[in-house]
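> This structure is in structure tokens; I'll ask about it shortly.
Laboratory data are not the source of any read-out in this text; all were calculated from the coordinates shown. All of these numbers come straight from a predicted model, not from anything done at the bench. Positions of Cβ are backbone-derived with ideal geometry, glycine not excepted, and every protein chain shown enters the neighbour counts.
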Amino acid sequence: MTVVGALVLSAGAVDPAWASQGSIPAVVSSYASDPAGLRARLKDLFGPGTGGKGITFGDTTKVGQLNRAFAFTAEFIAGSTSDHPVKLTNVWTAPITVADAPVGLATIWINPQTEEPELSDFVADPSTAKALSDIPADAYLIADEPRHAWLTLAADVLTVIVPGTSGVTAATTVSDYRTRVLSVGATNAPVDSQPASQGAINSIVIVSVAVLLIAAVLLAPGWRARRRKSSVDDAADASGESPSQAPPTDPPAAAG
């Protein structure tokens, strides 16, 4: 399966010598390079704050290589043999360094309401930032979001650069990745849904069994007789009489 020439990208992309496949609009580049743009937003949302936690974004904060993110198409995941396994997304990645040390990965999107670039998310993971800091110019950067995985596709070779929960670490093909990962994730229920459903079923069964056992005991003749005698004994103890002296619980029969 090939994607060379399959995706026609808009003009005006950054120099391919330092960016992957995919266009980078001027507004995204400006937002990433403007000190009052991405870096200021990172400081506001992910800086130390009043609690003293977070990353100290300052003058040494730098934005690394910008890359357009792609995603697998729904048709490809469903098993289509199309030569277009990936599609453009409204996301650009930006590895962030502080004092030349990677600290995390920022993602930028263009807000469709305002048509302005904004910080979409920031993951404080130095290893992810480092992995996405040097994507080859001929590669498509793919986000497998459900598995928090990042991959590159070039010349029909799919390389996993951040495995996430995919379980794949070696280079493979897109069709093999679909068979091993995507098709499984598309057909199986979420892992955490089964215990909740099974727990509810178990609770219903336990309650039902308990109700049946109580009903069986209440309807048993022997239990009613013992319960009746116990009531008489309790009444006798309260009055100081022996059980044989307690008044009868049923009215006496009329004399003949």
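> Residues in the stretch 113-128 near a label at Glu145, defined as backbone nitrogen under 20 Å from the 7 Å Cα→Cβ point?
The answer is 113-125, 128, whose backbone nitrogens lie closer than 20 Å to the label point.
> Provide, in order from the shortest bin, the percent of all Cα-Cα pairs of the stretch 48-145 in each 5 Å bin, continuing until the bin that contains the maximum pair distance.
3, 12, 18, 20, 17, 14, 9, 4, 3, 1, 0
> Hey, another quick one. Please report the relative contact order for the stretch 21-144, taking Cα pairs under 8 Å with a sequence separation of at least 6, and give it as a percent rounded to a whole number.
Values: 229 pairs, mean separation 31.9, N = 124.
Relative contact order comes out at 26 percent.
> Among the trypsin sites (Lys or Arg not before Pro) within the stretch 42-101, which fall in a DSSP loop and have no more than 11 other Cβ atoms within 10 Å of their own Cβ? Can you show the working numbers first?
Values: sites: Lys43, Lys53, Lys62, Arg68, Lys87; in loops: Lys53.
Sites meeting the loop and neighbour criteria: Lys53.
> Which order do peptides 116-126, 172-182 fall in by mean Cβ count within 10 Å, highest first? Don't jump to the answer; show the numbers that get you there.
Values: 116-126: 15.7, 172-182: 17.8.
Descending packing order for the listed peptides: 172-182, 116-126.
> Modelling each spin label as a point 7 Å along the Cα-to-Cβ direction, I'd like the Ala137/Ala99 distance in nm, to one decimal.
3.5
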